[in-house]
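Enquirer: Sending over a structure as structure tokens; questions will come in a sec.
The values are calculated or read from the model by the stated rules, or taken from the named source; none is laboratory data. The shown structure was predicted, so the numbers you read here are calculated from the model rather than taken from an experiment. As a convention, Cβ positions derive from the backbone with ideal geometry for all residues, glycine included, and neighbour counts pool all protein chains shown. Remember, those area values only see protein heavy atoms, side chains included, never the ligands or the DNA or RNA. Shrake-Rupley method; radii C 1.70, N 1.55, O 1.52, S 1.80 Å.
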Amino acid sequence: MYKLLFCIVIIFHSFSDFLLEDYPFRNVSLSWNERVSDLLNRLSLEELVLQLARGGSGANGPAPAVPRLGIDVYNWNTECLHGDAFIGKATSFPQAIGLAATFSQNVIHDVASATAKEVRGKFNSWRKQGIYGDHMGLSCFSPVVNILRHPLWGRNQETYGEDPFLTGQLAKAFVSGLHGNHPRYIIVSSGCKHFNAHSGPENIPSSRFTFDAKVSEYDWYTTYLPAFQECVKAGVYSIMCSYNSINGVPSCASMRLLNGILRKEWGFTGYVVSDQKAIEYVSTMHHYTDTPIKTAVACVDAGCNLELQHINVHQKDAKNVYTNITDAVKLSLLAQEQVVELARPLFYTRMRLGEFDPVDMNPYSKLTDEIVETEEHQQLAIGAAVKSFVLLKNEGALPVGSIKNLAVVGPFADSKTAIIGSYPPQTEPSYVKTVLEGLSRIANKTSYAGGCNDPKCKDYNQTAVSNAIRSADFIVVCLGTGVDIETEGNDRSTLALPGQQNTLLQDVVANASGRHIVVLLFNGGPVDINWMVPHPDITAIMECFLPGQATGEAIRRVFGNIDGASPAGRLPYTWPKSLTQVPPMSNYSMVDRTYRYSTYEPLFPFGYGLSYSKFEYNEFQIAPSNIKPCKNITVKVTVQNIGDYASDEVVQLYMEWSNFSKPVPRIQLVGFQRVKLKVKEKCVVLFPVIPNMYSVYRDSWLIEPGYLTLYVGGGQPNQKNNGISNILQGYFIIKGKSVPLSSCLTR
């Protein structure tokens, strides 16, 4: 009997598949637009609305199936920030701020590509089992491209730092890595967030759900928008509108932001998804509208395609905001054509993922969950972590060979969770290597004491730390913040290290005179280390950020300079000496903020980082040196490793505007390349300088005549504590009259 039923089911599905192949939206010979239009025209208003309303997360997803058309369910809520997060095993790569410190598009691309393959492989395996739960889809809400503009913002760790150019270039690499290089299909779809001006606060001094960012036109277009435009240029599939308002208008209801800047100015054709509950908060938090139906109309008119909510659709009478679209159409508050067009990029995305094509056509459908934590991905995690470390101080402590008696202390010394960061992949614990595990391999004898139970370090065990360091000749102290202190929804109130961490370090220094003391820092935004930087007994300080599963192995390699693992990361943000140097978080003006506009002397500048080696720059050429507006320039420089160790070097190109009308940045990064050099090896580095790099914003982007200076080297010009390279400078002149940047695109 059961065999007969099974055969009937198989025959039914085969017959159904045969019938479904007759629908034009499954006809692979038609254009994408024709197929999407055919599919949309077959959906009722009610079916369309549910596709817009069920974006997730939790019980609000997946978007429902349409059985009569053979359309399956789909879950939009997936997080891929530094590995596939929250669901199933996955490789955990360095958190985004650490990836930014690599100053390497190649690293970012490779991490995104590996993440995408793991997401796709797990999806394929779940799909075969008929499982479509939360975080099990193929649409990544990543990368985060908001600008790090205040050191205490809780989400600094998720960003690519403070510079719009660096952020934009890394975002493009991440988007490209997620998509893959197949001419027809993408591995997963990308999504840049949070649009826009969502760079704090989270909860101090006010809530992110109610905050109204007051942004000038100049700062908006020159700081907060550029990285998102680079995402659009890279072909990003979605943009997430943010919780906050901008100049009085909630982001998800802003016609100017979504349909104006994003679609009309930039030509974005993908979908806009709300941050979780952000559409609901348009009314309940911002009081911009006063009823759910008015909220739905406002956000639809603005151009928000998909509502991300956390409502349990299985509860009786459960309705989120976008379920009111049906009534809005019936009341003529919205046109049904608007609803159809909102759904268009959703189904286009699903088509490009291969959902409506024969499985055999899509090579990514062959991936399985066996791709997770492959040896290749584990090695990539190690390499990315090695490249992310920024050496802040080194007085002869590193590199080090074997250590006779090692002590590893501090709350980050042996924690498998504190080193991962927010939006954590659920990595198999055996693949996560702590500092203690890594460094124990290069020591004859190792002693350990956490000193604190967790990074908050409210309770401090001084005796355990004293005992651990008593016989050690080399001491590593592991301090920082972690997600207990700075994370989504939680800003810091101070730059100070948490709890009694400073006391722990001071005790080590007081009782270990004459021995090497190396401090490793695990944090997102900068912390107060003013006293330890000049202290003669602290012989090295290394910023590790949140390196992920490979933490211990990566630190072991850098400590021992194993396989040429000389540190070469660079700070993706300015490290202030104190909060008195930084404007309040609620002030969105860029005056005196980040290296581009500040004049104060920081503890460490943007782009700073030491190496085990030294580099010399020469043969700096700028051609041509005199141009008319809209012309490209080529910069050429030779860099040589003149030190004692093979090492990577991050070549940085900065531009300075002279005799230009204000405002302009004080200085601006316009190029960077990470190169690997053997001892005495030279290489030639080329940079293009194109019109949008030297344009200025004056209510619109213009090319103005004037004199521009270019600086090239291993960091910013005039920075203190460089020590690893010289800085060269040259100039070029723009002659003629001011012209719109847009005119350059038509020449």
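Enquirer: Can you tell which of Gly55, Gly98 is surrounded by 21 or more Cβ atoms within 10 Å (Cβ to Cβ) and at pLDDT 95 or above?
Expert: Working: Gly55 fails: at pLDDT 95 or above.
It is Gly98.
Enquirer: Let me ask something additional. Check Tyr697 against each of (1) among the hydroxyl-bearing types (Ser, Thr, Tyr); (2) open to solvent by less than 10 Å² (accessible area, probe 1.4 Å); (3) touching a Ser or Thr at 6+ places or on another chain (Cβ under 8 Å); (4) closer than 20 Å to Glu230 by Cβ and name the one condition it does not meet.
Expert: For Tyr697, the failing item is (2).
Enquirer: Restricting the search to the stretch 416-463, which residues are under 19 Å from Thr481 (Cα atoms) and among the basic types (Lys, Arg)?
Expert: Correct list: Lys416, Lys433, Lys456, Lys458.
Let's see how each residue does on (1) more than 20 Å from Ala116 (Cβ to Cβ); (2) assigned to a strand (DSSP E or B); (3) touching a His at 6+ places or on another chain (Cβ under 6 Å):
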position: Leu380; (1), (2), (3): no, no, no
position: Gly383; (1), (2), (3): no, no, no
position: Lys393; (1), (2), (3): yes, yes, no
position: Pro399; (1), (2), (3): yes, no, no
position: Asn405; (1), (2), (3): yes, yes, no
position: Ala413; (1), (2), (3): yes, no, no
position: Thr417; (1), (2), (3): yes, no, no
position: Tyr423; (1), (2), (3): no, no, no
position: Thr427; (1), (2), (3): no, no, no
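Enquirer: Report yes if Gly723 is closer than 29 Å to Pro572 by Cβ, among the small types (Gly, Ala, Ser) and modelled with pLDDT of 95 or more, otherwise no.
Expert: no
Enquirer: Determine whether the stretch 558-576 contains at least one residue that is buried (at least 24 other Cβ atoms within 10 Å of the Cβ), assigned to a helix (DSSP H, G or I) and within 23 Å of the chain's Cα centre (by Cα).
Expert: No.
Enquirer: Just to be sure before I move on: is Glu370 open to solvent by 30 Å² or more (accessible area, probe 1.4 Å), part of a helix (DSSP H, G or I), free of Cβ contacts under 8 Å to residues at least 12 places away in the same chain and more than 18 Å from Gly180 (Cα to Cα) in the structure I sent?
Expert: Against the criterion (open to solvent by 30 Å² or more (accessible area, probe 1.4 Å), part of a helix (DSSP H, G or I), free of Cβ contacts under 8 Å to residues at least 12 places away in the same chain and more than 18 Å from Gly180 (Cα to Cα)), Glu370 does not qualify.
Enquirer: Also, I was wondering about something else. If you check Ser176 against the conditions, is it within 20 Å of Tyr364 (Cα to Cα), open to solvent by 10 Å² or more (accessible area, probe 1.4 Å) and among the hydroxyl-bearing types (Ser, Thr, Tyr)? Steps first, answer last, please.
Expert: Numbers: within 20 Å of Tyr364 (Cα to Cα): yes; open to solvent by 10 Å² or more (accessible area, probe 1.4 Å): yes; among the hydroxyl-bearing types (Ser, Thr, Tyr): yes.
Spelling it out, Ser176 is indeed within 20 Å of Tyr364 (Cα to Cα), open to solvent by 10 Å² or more (accessible area, probe 1.4 Å) and among the hydroxyl-bearing types (Ser, Thr, Tyr).
Enquirer: Within the stretch 246-263, identify whether any single residue is surrounded by fewer than 19 Cβ atoms within 10 Å (Cβ to Cβ), in contact with a helix residue (DSSP H, G or I) (Cβ under 8 Å, 6 or more places away or on another chain) and assigned to a loop (DSSP other than H, G, I, E, B), and answer yes or no.
Expert: no
Enquirer: With Leu138, Leu170, Leu152 as the choices, which residue is farther than 21 Å from Asn75 by Cα, aliphatic (A, V, I, L, M) and surrounded by 24 or more Cβ atoms within 10 Å (Cβ to Cβ)?
Expert: Selected residue: Leu170, the only one of Leu138, Leu170, Leu152 that is farther than 21 Å from Asn75 by Cα, aliphatic (A, V, I, L, M) and surrounded by 24 or more Cβ atoms within 10 Å (Cβ to Cβ).
Enquirer: Another question, if that's okay. Look through the stretch 305-355, keep the residues that are assigned to a loop (DSSP other than H, G, I, E, B) and in contact with a Phe, Trp or Tyr (Cβ under 9 Å, 6 or more places away or on another chain), and return whichever of them is modelled with the lowest pLDDT.
Expert: Among those that are assigned to a loop (DSSP other than H, G, I, E, B) and in contact with a Phe, Trp or Tyr (Cβ under 9 Å, 6 or more places away or on another chain), it is Gln309.
Enquirer: Grab the strands (runs of 3 or more DSSP E) fully contained in the stretch 642-747, keeping just those with 3 or more residues being within 30 Å of Tyr218 (Cβ to Cβ) and under 31 Å from the mean Cα position of the chain (by Cα).
Expert: 647-658, 668-677, 682-689, 701-703, 706-713
Enquirer: Give the stretch 184-233 a look and list any residue that's open to solvent by 20 Å² or more (accessible area, probe 1.4 Å), farther than 19 Å from Gly161 by Cβ and polar (S, T, N, Q), or say none.
Expert: Across the stretch 184-233, the qualifying residues are Asn203, Ser206, Ser207, Thr210, Ser216.
Enquirer: For the stretch 153-190, enumerate the residues that are part of a loop (DSSP other than H, G, I, E, B) and of a type in the set (Val, Ile, Thr).
Expert: Residues satisfying the conditions are Thr159, Ile186, Ile187, Val188.
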